[in-house]
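Undergrad: Sharing a structure here in structure tokens format.
The values are calculated or read from the model by the stated rules, or taken from the named source; none is laboratory data. Values in this document were obtained by computation on a predicted structure and should not be read as measured data. Here the Cβ is made from the backbone with ideal geometry for all residues, glycine too, and neighbour counts use every protein chain on show. Just the protein is used for accessible areas: all its heavy atoms, side chains included, with ligands, DNA and RNA removed. Shrake-Rupley method; radii C 1.70, N 1.55, O 1.52, S 1.80 Å.
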Amino acid sequence: QVQLVESGGGLVQAGGSLRLSCLASGRTFSNYAMGWFRQAPGKEREFVAAIGWPGRTTRYADSVKGRCTISRDNAKNTVYLQMNSLKPEDTAIYYCGTRMDSSSASLVQGADYWGQGTQVTVSS
């Protein structure tokens with residue numbers, strides 16, 4: 001079984017920054033891609049960013065490209081999402097996800113395991 005616990009969400013003004021963290025436990029962090037997704041009120045969950053194993057490849061949604069950076073610390077079983085130049089439309093619950101595949105591309109369509117989510121609210 002896989003457990004994913006997100007942290008780092010909060011309230012920030014437009015133009016500000018946040019760094020989200022996701023701690024993985026319950027199975028080896030090795031060999032698997034990790035990703036971030038978000039769900040805004042009234043909308044479906046959407047892909048934000050993914051990073052492959054061991055961390056050389058990344059993918060981003062067009063909506064966050066250039067503003068967000070995904071990274072992972074394999075020694076700490078943790079994946080991060082640094083978000084800069086935040087906009088009100090970035091307001092959503094952000095979820096960490098993973099699946100048993102080393103490729104970042106595998107997460108573009110979704111994940112097999114999810115965290116509980118962390119709220120990000122960007123005020124205008």
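Undergrad: Test each condition in (1) surrounded by 18 or more Cβ atoms within 10 Å (Cβ to Cβ); (2) at pLDDT 95 or above for residue 116 and report the one that comes out false.
TA: (1)
Undergrad: For the range 77-109, how many residues are of a type in the set (Gly, Ala, Ser) and modelled with pLDDT of 95 or more? Walk me through it before giving the result.
TA: Pass one, the range 77-109, residues of a type in the set (Gly, Ala, Ser): 85, 92, 97, 102-106.
Imposing the further condition that a residue be modelled with pLDDT of 95 or more reduces the set to 85, 92, 97.
So the answer is 3.
Undergrad: Being open to solvent by 10 Å² or more (accessible area, probe 1.4 Å), in contact with a Ser or Thr (Cβ under 8 Å, 6 or more places away or on another chain) and within 16 Å of residue 113 (Cβ to Cβ) is the filter here, so list the residues in the range 30-70 that pass it.
TA: Of everything in the range 30-70, those that are open to solvent by 10 Å² or more (accessible area, probe 1.4 Å), in contact with a Ser or Thr (Cβ under 8 Å, 6 or more places away or on another chain) and within 16 Å of residue 113 (Cβ to Cβ) turn out to be 31, 32, 53.
Undergrad: Within the range 31-50, how many residues turn out to be small (Gly, Ala, Ser) and more than 17 Å from the chain's Cα centre (by Cα)?
TA: Within the range 31-50, the subset small (Gly, Ala, Ser) is 33, 35, 40, 42, 49-50.
Retained after the next criterion (residues that are more than 17 Å from the chain's Cα centre (by Cα)): 42.
Residues that pass the stated criteria total 1.
Undergrad: Go through the range 14-124 and tell me which strands (runs of 3 or more DSSP E), entirely inside it, have 3 or more residues that are of a type in the set (A, V, I, L, M, F, W, C) and under 23 Å from residue 1 (Cβ atoms).
TA: 18-25, 34-39
Undergrad: Which one is least open to solvent (accessible area, probe 1.4 Å), of the residues in the range 4-29 that are polar (S, T, N, Q) and touching a residue at least 40 places away in the same chain (Cβ under 8 Å)?
TA: 21
Undergrad: Next question. Of the residues that make up the range 68-83, is at least one closer than 19 Å to residue 123 by Cβ, without any contact (Cβ under 8 Å) to a residue 60 or more places away in the chain and not β-branched (Val, Ile, Thr)?
TA: Checked against the condition, which is being closer than 19 Å to residue 123 by Cβ, without any contact (Cβ under 8 Å) to a residue 60 or more places away in the chain and not β-branched (Val, Ile, Thr), the range 68-83 yields at least one hit.
Undergrad: In the set 92, 61, which member is in contact with a Phe, Trp or Tyr (Cβ under 6 Å, 6 or more places away or on another chain) and either of a type outside the set (Lys, Arg) or farther than 16 Å from residue 121 by Cα (or both)?
TA: Answer to the check: 61.
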